[in-house]
Amino acid sequence: MTDEPATSEPPLEVVAEPARPAPPAEAADIPLLRIEAVVKQFGGFRAVDRLSLDIRAGEFFALLGPSGCGKTTLLRMLAGFETPDEGRILLDGWDIAPLLPHERPVNMMFQNYALFPHLSVRDNIAFGLKRAGMAASEIAERVAEMVALVKLEGLEKRKPDQLSGGQKQRVALARALARRPRILLLDEPLAALDKKLRESTQAELMALQRRLGTTFIIVTHDQDEAMTMADRIGVMDRGRLEQVATPRQLYEAPASRWIAEFVGDINLFEGEVASREAGRLVIATREAGSIVVAAPLQPITKDVVAVAIRPEKVKLSRRGPASDDADHAHAINRLEGVVTDVGYLGGTTTYRVQLDSGAVLRSSMANTARIDIDAYSPTHRVVAWFTPDDCLVLEQ
């Protein structure tokens, strides 16, 4: 394998990999992984379409997208199980296409874990080390390290069918990390776990990644999972990257209407720019009348646009906002209607409000008190309000 990742612990001895030339002097300025205009086709179907992406060393990166968008195909090309039809995949500045999967400083943890049913926990973890020719004493030391790392002490002699789903996941993770890859690829690694176990495992994976300093690339269709774990997220659709951003940027400043609708819940009203003034736009919408929005940083070049408001930005009250609820109370958008549906989710309550115009507006409000005197029920008449800064303007 290649160089050890940065860690506060003493470096472990690593398995030697085939010799390769020293990287060029300017390699320090390039990302750990660079994907350049990669194309992959299966017959007449283009699974990955001229995709380019840079991933930094030590980054926790998520590939997010609907089923069939090409994210797993891309992951398999990084692992060496598929070959690009066009483009290059560079690791530390060198094209890794000629390397077989077991020759790459990359390892992959599969969705179904792919454990050997006839091997014990210890032997499953040791499998790749034995194939790499590591000495028996070194294998024993490395396996013990991995067992402790993923908290499997006392289970070393068990077979996979004697383990819980969470324990199997830990064995697969330990085996994937045992050879100290530069990049760990994770294909829907938490899909088989129940909600509580999935949430605790997310935290453990994040802590483990920070401790080891290994670059993690995770493929998922679970938005919450990507938003929770990743430093940056690449959203894919039909083989292309639609946006690469931090979770906050992706949620608060989506690059397109499609991303705004795909990531989280959102209210969308179509309309036209009616007027422009300092720092403000007035959008005449078909469903909700005139809405005042903050002018985006990027100038709006089209007159037909969509106004987007996240449900948690929409407040409800019986009479509207108090005068101190915003710096510019006169600019607050007020829409009146009737509550039609209520969903209590513990930490939040969701509301559907049918506006007087007939359109439906969704609101999500935090439950900050055990007994909420401001809760609303179906048939309650309410004022829904939000500020210009709460709105996004998206060109059609």
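Here's a check for you: in segment 343-371, which residue that is in a strand (DSSP E or B) and of a type in the set (S, T, N, Q) is nearest to GLU287 (Cα to Cα)? The selected residue is GLN354. Look at GLY133 and say whether it is closer than 20 Å to LEU193 by Cα and either part of a strand (DSSP E or B) or out of contact with any Pro (no Cβ under 9 Å at 6 or more places or on another chain) (or both). Here the answer is no, as GLY133 does not meet what is asked. Quick check: anything in segment 193-212 not assigned by TED's automatic domain parsing to the domain that holds ALA37 and not in a helix (DSSP H, G or I)? Checked segment 193-212: at least one residue is not assigned by TED's automatic domain parsing to the domain that holds ALA37 and not in a helix (DSSP H, G or I).
Could you please let me know if GLU225 is under 19 Å from the mean Cα position of the chain (by Cα) and at pLDDT 90 or above?
yes
Would you say ALA192 is touching a residue at least 12 places away in the same chain (Cβ under 8 Å) and buried (at least 17 other Cβ atoms within 10 Å of the Cβ)?
Numbers: touching a residue at least 12 places away in the same chain (Cβ under 8 Å): yes; buried (at least 17 other Cβ atoms within 10 Å of the Cβ): no.
Answer is no for this residue.
Results for (1) in contact with a Phe, Trp or Tyr (Cβ under 9 Å, 6 or more places away or on another chain); (2) hydrophobic (A, V, I, L, M, F, W, C); (3) without any contact (Cβ under 8 Å) to a residue 24 or more places away in the chain; (4) more than 30 Å from SER52 (Cα to Cα), shown as yes or no for each residue.
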site	(1), (2), (3), (4)
PHE269	no, yes, no, yes
GLU272	no, no, no, yes
ILE283	yes, yes, no, yes
THR301	no, no, no, no
VAL305	no, yes, no, no
LYS315	yes, no, no, yes
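The set of residues from segment 232-252 being surrounded by 16 or more Cβ atoms within 10 Å (Cβ to Cβ), in contact (Cβ under 8 Å) with a residue 24 or more places away in the chain and not in a strand (DSSP E or B) comprises GLY239, TYR251.
Return the residues of segment 345-396 that are within 33 Å of the chain's Cα centre (by Cα), surrounded by 11 or more Cβ atoms within 10 Å (Cβ to Cβ) and more than 19 Å from PRO321 (Cβ to Cβ); say none if nothing qualifies. Once the filter is applied, which keeps residues that are within 33 Å of the chain's Cα centre (by Cα), surrounded by 11 or more Cβ atoms within 10 Å (Cβ to Cβ) and more than 19 Å from PRO321 (Cβ to Cβ), segment 345-396 yields THR348, THR350, ARG352, GLN354, ALA359, VAL360, ASN367, LEU392, VAL393, LEU394, GLU395. For segment 142-172, the tally of residues that are free of Cβ contacts under 8 Å to residues at least 24 places away in the same chain and closer than 11 Å to ILE125 by Cα stands at 2.
From the list LEU51, LEU78, LEU90, which residue is surrounded by 15 or more Cβ atoms within 10 Å (Cβ to Cβ) and closer than 23 Å to TRP258 by Cβ? Only one candidate qualifies: LEU51. Annotation: ILE259 fulfils all but one of (1) in contact with a strand residue (DSSP E or B) (Cβ under 7 Å, 6 or more places away or on another chain); (2) among the β-branched types (Val, Ile, Thr); (3) farther than 30 Å from VAL338 by Cα; the unmet one is (3). Going through (1) under 32 Å from the mean Cα position of the chain (by Cα); (2) outside the structural domain of ALA62 (by TED's automatic domain parsing); (3) crowded, with 18+ Cβ neighbours inside 10 Å one by one, GLU312 falls short only on (3). Within segment 91-108, restricting attention to residues that are touching a strand residue (DSSP E or B) at 6+ places or on another chain (Cβ under 8 Å) and part of a strand (DSSP E or B), the residue that is nearest to LEU53 (Cα to Cα) is LEU91.
The set of residues from segment 98-110 being surrounded by 15 or more Cβ atoms within 10 Å (Cβ to Cβ) and among the aliphatic types (A, V, I, L, M) comprises LEU99, VAL106, MET108, MET109. Go through (1) in a strand (DSSP E or B); (2) buried (at least 19 other Cβ atoms within 10 Å of the Cβ) one by one and return the number of the condition GLU272 breaks. For GLU272, the failing item is (2).
Every test in (1) not in a loop (DSSP other than H, G, I, E, B); (2) not assigned by TED's automatic domain parsing to the domain that holds ILE218 is passed by GLN111 save one, and that test is (1).
Among the residues of segment 114-123, those that are surrounded by 15 or more Cβ atoms within 10 Å (Cβ to Cβ), assigned to a loop (DSSP other than H, G, I, E, B) and not small (Gly, Ala, Ser) comprise LEU115, LEU119.
The values are calculated or read from the model by the stated rules, or taken from the named source; none is laboratory data. Treat the numbers as computed from the prediction; the structure is a model and nothing was measured. With ideal geometry, Cβ positions are generated from the backbone for all residues, glycine too; neighbour counts draw on all protein chains shown.
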